[in-house]
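Asker: Structure in structure tokens, see below.
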Amino acid sequence: MALLLLQRELRLLWRRPGELMLPWVFFILMAALFPLGVGPEPEQLRRIAPGVVWVGALLAALLPLGQLFGADAQDGTLEQLLLPPRPALALAWAKVAGHWLSQGLPLLLVAPLLGLMFGLQAPAIGVLCAGLALGTPVLSLLGALGAALTLGLRQGALLTLLLVLPLAVPALIFGAGAVSAWEAGLSPRGHLALLAALLLATGAAAPPATAAALRIAVA
């Protein structure tokens, strides 16, 4: 059931190429324009690179959350998808996977190019990509939870941002800290281990909570 729902989600995303590409364009433009504001000094660019990439990834992941469940709720599809015997948990996982495949994975693929633009060395780029590989699924899981909790509310998009941003701060800190640790000559394994632990904890708790929030929203 989850695979069928994921296939449906990906088909719907490809039918809206403008909405699909907006977070990618935002991420690339933000990272590309940032050096113009802080100057071209290589050492400074290397120092701020992890934070810039991670903040861009976080904001880009938040952009499409308003339509994650909203479009299905508006046309009544969400109620049909949650009718027995269809499990709400399968829908939650399908939405999370669709969000990550359409947003997190492209950002992960673009990150090495941005690392080169900021003057990061190859090992630092590898640490950056490892952190994004662990952290971007966390952003998708938290984003789906926030979108489900605010579904149907007035100013739901703003409330989603207020809910998700504080919860996503640890992933941002650990992800950027891993690269900063390597640049300082320290091992990044501690930061990456914390990111992996955060992913496991979020993966265990967020989808059931998202499923419960969806049931409440359509009740």
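Asker: Can you compute the FRET efficiency between Ala197 and Leu4 using 1/(1 + (r/R0)^6), with r the Cβ-Cβ distance and R0 = 25 Å? Round to the nearest 0.05. Walk me through the numbers on the way to the answer.
Answerer: Values: r = 31 Å, r/R0 = 1.25.
About 0.20, to the nearest 0.05.
Asker: Between Ser187 and Ala71, how high is the FRET efficiency from 1/(1 + (r/R0)^6) when r is the Cβ-Cβ distance and R₀ = 45 Å? Nearest 0.05. Walk me through the intermediate numbers first.
Answerer: Working: r = 44 Å, r/R0 = 0.98.
FRET efficiency, Ser187 to Ala71: 0.50.
Asker: Among Gln103, Ile48, Leu78, which residue has its Cα furthest toward the positive end of the charge dipole of the stretch 41-106, with +1 on Lys/Arg Cβ and -1 on Asp/Glu Cβ?
Answerer: The Cα lying farthest towards the positive end belongs to Ile48.
Asker: Over the stretch 1-128, what number does the Rg to Rh ratio reach, with both radii from the alpha-carbon atoms and Rh per Kirkwood?
Answerer: Numbers: Rg = 18.0 Å, Rh = 16.3 Å.
Taking Rg over the Kirkwood Rh, I get 1.10.
Asker: A further question on this structure: What's the angle, to the nearest 10 degrees (0 to 90), between helix 122-149's Cα axis and the longest principal axis of the chain?
Answerer: Computed tilt is about 30 degrees.
Asker: Please label the shape of the stretch 158-219 as rounded, prolate or oblate, based on the square roots a ≥ b ≥ c of the eigenvalues of the alpha-carbon gyration tensor (a/c under 1.5 means rounded; beyond that, a/b larger than b/c means prolate, else oblate). Intermediate values should be presented prior to the final figure.
Answerer: Numbers: a/c = 7.05, a/b = 2.32, b/c = 3.04.
Because a/c hits 1.5 or more and a/b fails to exceed b/c, the stretch 158-219 counts as oblate.
Asker: Give the calculated FRET efficiency between Ala157 and Arg47 to the nearest 0.05, with a Förster radius of 30 Å applied to their Cβ-Cβ distance.
Answerer: Computed FRET efficiency for Ala157 and Arg47 comes out at 0.35.
Asker: Let me check against my output: what whole-number percent is the relative contact order of the stretch 2-218, with C-alpha pairs under 8 Å and at least 6 apart? Walk me through the numbers before you get to the answer.
Answerer: Working: 258 pairs, mean separation 58.1, N = 217.
RCO, the stretch 2-218: 27 percent.
Asker: Follow-up question, since we're still on this one. Hey, what angle do you get for helix 88-99 against the long axis of the chain, alpha-carbon based, 0 to 90 degrees rounded to 10?
Answerer: In the chain, helix 88-99 runs at an angle near 40 degrees to the longest axis.
Asker: Measure nothing but the geometry: give the 0 to 90° angle between the long axis through the Cα atoms of 2-14 and the longest principal axis through the Cα atoms of the chain, rounded to 10°.
Answerer: 70 degrees
Asker: If each DSSP helix of 4+ residues adds -39,500 (n - 2.57) and the sum is divided by the residues in the chain, what number results at 222 nm, nearest 500 deg cm²/dmol? Please list the in-between numbers first.
Answerer: Details: 10 runs with 177 residues, N = 219.
Value at 222 nm, helices only: -27500 deg cm²/dmol.
Asker: Give me the one-decimal nm value for the distance between modelled label points at Gln80 and Phe26, 7 Å along each residue's Cα-to-Cβ direction.
Answerer: Distance between label points: 3.0 nm.
Asker: For the stretch 40-131, state which chymotrypsin sites (Phe, Trp or Tyr not before Pro) are in a DSSP loop and have at most 13 other beta carbons lying within 10 Å of their beta carbon. Intermediate results must be reported in sequence, preceding the final value.
Answerer: Numbers: sites: Trp54, Phe69, Trp93, Trp100, Phe118; in loops: Phe69, Phe118.
Taking the stretch 40-131 and a limit of 13 other Cβ atoms within 10 Å, no loop chymotrypsin sites (Phe, Trp or Tyr not before Pro) are found.
Asker: Shifting gears a bit: Starting from the Cα of Met117, step 7 Å along the direction of its Cβ; do the same at Ala205; then give the gap between the two resulting points in nm.
Answerer: It works out to 3.5 nm between the two label points.
Asker: Roughly how far apart, in whole Å, are the Cα centres of the stretch 142-219 and the stretch 67-131?
Answerer: Answer, in whole Å: 12.
Asker: Where nothing but the Cβ of Lys and Arg (+1) and of Asp and Glu (-1) is charged, how large is the charge dipole of the stretch 31-133 around its Cα centre, in debye to the nearest 20?
Answerer: Values: 4 positive and 5 negative charges, 41 e Å.
Charge dipole of the stretch 31-133: 200 debye, to the nearest 20.
No value in this document is a laboratory result; all are computed from the given coordinates. Everything numeric in this text was worked out from a predicted model, so none of it was measured. All Cβ positions, even for glycine, are placed from backbone atoms using ideal geometry, and neighbour counts span all protein chains on display.
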